[in-house]
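Have a look at the structure below, then the notes.
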Amino acid sequence: MSRTAEITLPFGTEERTFRLGLGELRAVQEKCDAGPGELAQRIAPIVRAIRAKFTLADVLAGGMMGNWRVDDVREPILQGLIGGGMTPTDAGVLVRSVFDPRPLALEHLQIAFAVLTAGYLPPEDEPQEAAVVAGEPRPARKRRRSRTARSTSEA
């Protein structure tokens, strides 16, 4: 992951570079009728369940399937490949050969989620204090006393 939202992941037979620049984000948004944050939220429950190695029964019983659609997964992968430097033709051929002929694979959900969120997280070599983890409280900020408060307490 980098400041440019570039991420390298296995797709097909090799490692591929994915990146959603502004143009690619707009293409995803248009195709899916949702912004990248909404798409990530649709996919997040199932990705979390996959990472936790839940069974399909656990996923369904826990309501973790999410509200994603096939294009919510396919389009970020396609546009991410284009943004990562592949020509639209080559990216289309690759997605049609790797993604389209198979039933939706769990790794595709994880790839789409990683591509969608690559720009939201700081690079791994950057201190993590800047990142706010969902569900965790923000660190308390030191309160500075105003000049009026200081002069009143000093009097």
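The values are calculated or read from the model by the stated rules, or taken from the named source; none is laboratory data. Keep in mind the model is a prediction, meaning the values are calculated, not measured. Here the Cβ is made from the backbone with ideal geometry for all residues, glycine too, and neighbour counts use every protein chain on show. Side chains are part of the model used for accessible areas, which takes the heavy atoms of the whole protein and leaves out ligands, DNA and RNA. Shrake-Rupley method; radii C 1.70, N 1.55, O 1.52, S 1.80 Å.
Scanning segment 70-86 for residues that are out of contact with any Ser or Thr (no Cβ under 8 Å at 6 or more places or on another chain) and small (Gly, Ala, Ser), which turns out least open to solvent (accessible area, probe 1.4 Å)? Result: 80. With respect to (1) outside any loop (DSSP other than H, G, I, E, B); (2) at pLDDT below 90, the lone exception for residue 43 is condition (2). When residues of segment 11-36 are filtered for being touching a residue at least 24 places away in the same chain (Cβ under 8 Å) and out of contact with any Ser or Thr (no Cβ under 9 Å at 6 or more places or on another chain), how many remain? Here the count works out to 10.
Could you say whether any residue in segment 33-48 is closer than 19 Å to residue 95 by Cα, of a type outside the set (Lys, Arg) and open to solvent by 80 Å² or more (accessible area, probe 1.4 Å)? Checked against the condition, which is being closer than 19 Å to residue 95 by Cα, of a type outside the set (Lys, Arg) and open to solvent by 80 Å² or more (accessible area, probe 1.4 Å), segment 33-48 yields no hits at all. Taken over segment 92-107, the criterion of being closer than 13 Å to residue 71 by Cα, surrounded by 17 or more Cβ atoms within 10 Å (Cβ to Cβ) and touching a residue at least 24 places away in the same chain (Cβ under 8 Å) is satisfied by 99 alone.
Against the conditions (1) surrounded by 15 or more Cβ atoms within 10 Å (Cβ to Cβ); (2) farther than 21 Å from residue 17 by Cα, residue 110 satisfies every one except (2).
Within segment 7-29, can one find any residue that is in a helix (DSSP H, G or I), charged (D, E, K, R) and either modelled with pLDDT of 95 or more or open to solvent by less than 80 Å² (accessible area, probe 1.4 Å) (or both)? Break it down into steps so the answer makes sense when it comes.
The initial filter retains those residues of segment 7-29 that are in a helix (DSSP H, G or I), namely 22-29.
After this cut, where a residue has to be charged (D, E, K, R) as well, the list is 24, 26.
With either modelled with pLDDT of 95 or more or open to solvent by less than 80 Å² (accessible area, probe 1.4 Å) (or both) added as a condition, the list becomes 24, 26.
The answer is yes, given that some residue of segment 7-29 is in a helix (DSSP H, G or I), charged (D, E, K, R) and either modelled with pLDDT of 95 or more or open to solvent by less than 80 Å² (accessible area, probe 1.4 Å) (or both).
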